[in-house]
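Visitor: Pasting a structure here, questions to come.
The values are calculated or read from the model by the stated rules, or taken from the named source; none is laboratory data. Quantities reported herein were computed from a predicted structural model and do not represent experimental measurements. Here the Cβ is made from the backbone with ideal geometry for all residues, glycine too, and neighbour counts use every protein chain on show. Surface areas here come from the heavy atoms of the whole protein model, side chains and all, with no ligands, DNA or RNA. Shrake-Rupley method; radii C 1.70, N 1.55, O 1.52, S 1.80 Å.
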Amino acid sequence: MSSSNDMASTKTLPIKLTSEQLARACAHYAADKKAENLVVLDLRGISTFTDFFVVCSGTSDPHLKAIASSIREGLRDDKQVSPLAVDGYPASQWVVLDYIQVIVHIFHEAKRDFYDLETLWNDAPRLKLDAPPLPASPLA
């Protein structure tokens with residue numbers, strides 16, 4: 001029979017991430033599903049409600065769903081982190097994953113152009129990502 005201390009030592013605990021590490025992880029999982037025009041805006045010092053926006057585009061409803069699922073499942077499985085809220089759905093052409101310190105916006109290109117978050121937050125520095133962001137599809 002194992003003691004309660006043995007049980008506690010085998011329990012998976014959440015991994016502590018800084019908001020920047022979380023934003024980079026979101027970008028990584030989005031890139032894994034070929035998210036386009038991937039941008040990470042650093043809102044620290046200019047926003048009181050979040051530290052980073054991760055903004056990317058998908059080419060179809062299934063692509064938006066795949067990007068959102070990759071981020072959610074990757075963070076859950078690898079980092080033990082779940083979003084506080086998920087809003088929108090692929091058919092709305094805009095999905096938002098709210099991780100409090102990081103908010104992920106996954107758009108169809110036309111909806112992204114309409115809301116133009118990058119211009120709205122143009123004073124926010126952009127994080128340099130390890131791999132270059134994928135260009136927009138010429139067929140989009």
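Visitor: For the stretch 78-113, run through the chymotrypsin sites (Phe, Trp or Tyr not before Pro) and keep only the ones in DSSP coil with at most 15 other Cβ atoms within 10 Å of their Cβ.
Guide: Working: sites: W94, Y99, F107; in loops: Y99.
Sparse-neighbourhood loop chymotrypsin sites (Phe, Trp or Tyr not before Pro): none present.
Visitor: Shifting gears a bit: So which trypsin sites (Lys or Arg not before Pro) in the stretch 36-140 are both in a DSSP loop and have at most 10 other Cβ atoms within 10 Å of their Cβ? Don't jump to the answer; show the numbers that get you there.
Guide: Numbers: sites: R44, K65, R72, R76, K79, K111, R112, R126, K128; in loops: R44, K128.
Within the stretch 36-140, the qualifying trypsin sites (Lys or Arg not before Pro) (loop, at most 10 other Cβ atoms within 10 Å) are K128.
Visitor: Report, to the nearest whole %, how much of the accessible area of the stretch 56-95 belongs to carbon and sulfur atoms, 1.4 Å probe, protein only. All intermediate terms of the calculation are to be shown ahead of the outcome.
Guide: Working: 990 of 2080 Å².
Heavy-atom surface of the stretch 56-95 belonging to carbon and sulfur, 1.4 Å probe: 48 percent.
Visitor: Over the stretch 57-131, average the accessible area per residue using a 1.4 Å probe and give it in Å², no decimals.
Guide: In whole numbers, the stretch 57-131 has 56 Å² accessible per residue.
Visitor: With each pseudo-label sitting 7 Å past Cα toward Cβ, what's the L117-Q21 distance in nm, one decimal?
Guide: For the pair L117/Q21, the computed spacing is 2.3 nm.
Visitor: Another question about this same structure. Could you run the Karplus curve 6.51 cos²θ - 1.76 cosθ + 1.60 with θ = phi - 60° over the stretch 31-48 and give me ³J(HN,Hα) per residue in whole Hz, x for Gly and Pro?
Guide: 4, 4, 9, 6, 4, 9, 6, 6, 9, 10, 9, 8, 9, 4, x, 10, 10, 9
Visitor: Calculate the length of the line joining the C-alpha centroid of the stretch 16-34 to that of the stretch 60-80, in whole Å.
Guide: After rounding, the separation between the Cα centres reads 11 Å.
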